[in-house]
Amino acid sequence: MEAAKPFVPVILAGGAGTRLWPLSRRGRPKPFLELPDGGTLFGRALVHSRSLVGAAPPLVVIHRDYYFQARDIAAREGSGEFLRYLLEPVGRNTAPAIGAAARWIGESLGPETVLLVLPADHLIEEGAAFGEAVGRAVELA
């Protein structure tokens, strides 16, 4: 049996910050807002991606304006040195961000590499169940 290639979590963190106005704003979008426990949705996405069995270091697709916020949160979460960033000069929504990530990963790691797309503004509360679901999905992919 062939050893499974690692899959790559792709964390999308390039939103404009307008959906939770007035809490989130263009300068501080939803993934970077502080939650009641002191964390952020972006930080939780990093933690989830690190806990997935067989996952390669994540690729963060992010608008260039949010890079430093993301880098600081990643450093606090202990993920900073493992991350790769793909900076968007202009936000063009989800599909182009996924397309850019797929192209970069395909050229860097090979066209058969499996991607796991994780929006950085979603709340995942059941980490173990999420990990099991991802494991099954990667197996099927």
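The values are calculated or read from the model by the stated rules, or taken from the named source; none is laboratory data. Here the structure is a predicted model, which means the values were calculated and not measured. Cβ placement follows ideal geometry from the backbone for every residue including glycine, while neighbour counts extend to all protein chains displayed. Accessible surface is based on the protein model in full, side chains and every heavy atom, while ligands, DNA and RNA are left aside. Shrake-Rupley method; radii C 1.70, N 1.55, O 1.52, S 1.80 Å.
Looking at the structure I just gave you, is V134 β-branched (V, I, T) and open to solvent by 40 Å² or more (accessible area, probe 1.4 Å)? Against the criterion (β-branched (V, I, T) and open to solvent by 40 Å² or more (accessible area, probe 1.4 Å)), V134 does not qualify. Can you find a residue in region 78-92 that is among the β-branched types (V, I, T), in contact with a His (Cβ under 7 Å, 6 or more places away or on another chain) and at pLDDT below 90? Scanning region 78-92, I find no residue that is among the β-branched types (V, I, T), in contact with a His (Cβ under 7 Å, 6 or more places away or on another chain) and at pLDDT below 90, so the answer is no. Out of R103, R76, R50, R71, one residue alone is open to solvent by 40 Å² or more (accessible area, probe 1.4 Å) and farther than 23 Å from L35 by Cβ. It is R103. Note on region 55-65: among residues that are at pLDDT 90 or above and either under 22 Å from E34 (Cβ atoms) or in a loop (DSSP other than H, G, I, E, B) (or both), the one that is nearest to the chain's Cα centre (by Cα) is V60.
One residue stands out among those in region 106-116 that are under 16 Å from V60 (Cβ atoms) and open to solvent by 50 Å² or more (accessible area, probe 1.4 Å): the one that is modelled with the highest pLDDT, which is L115. Please indicate, with yes or no, whether at least one residue in region 117-124 is within 19 Å of A13 (Cβ to Cβ), assigned to a helix (DSSP H, G or I) and at pLDDT 90 or above. Scanning region 117-124 turns up no residue that is within 19 Å of A13 (Cβ to Cβ), assigned to a helix (DSSP H, G or I) and at pLDDT 90 or above.
Scanning region 1-48 for residues that are closer than 16 Å to F82 by Cα, modelled with pLDDT of 85 or more and either part of a helix (DSSP H, G or I) or in contact with a Gly (Cβ under 8 Å, 6 or more places away or on another chain) (or both) yields F7, F42, G43, R44, A45, L46, V47, H48.
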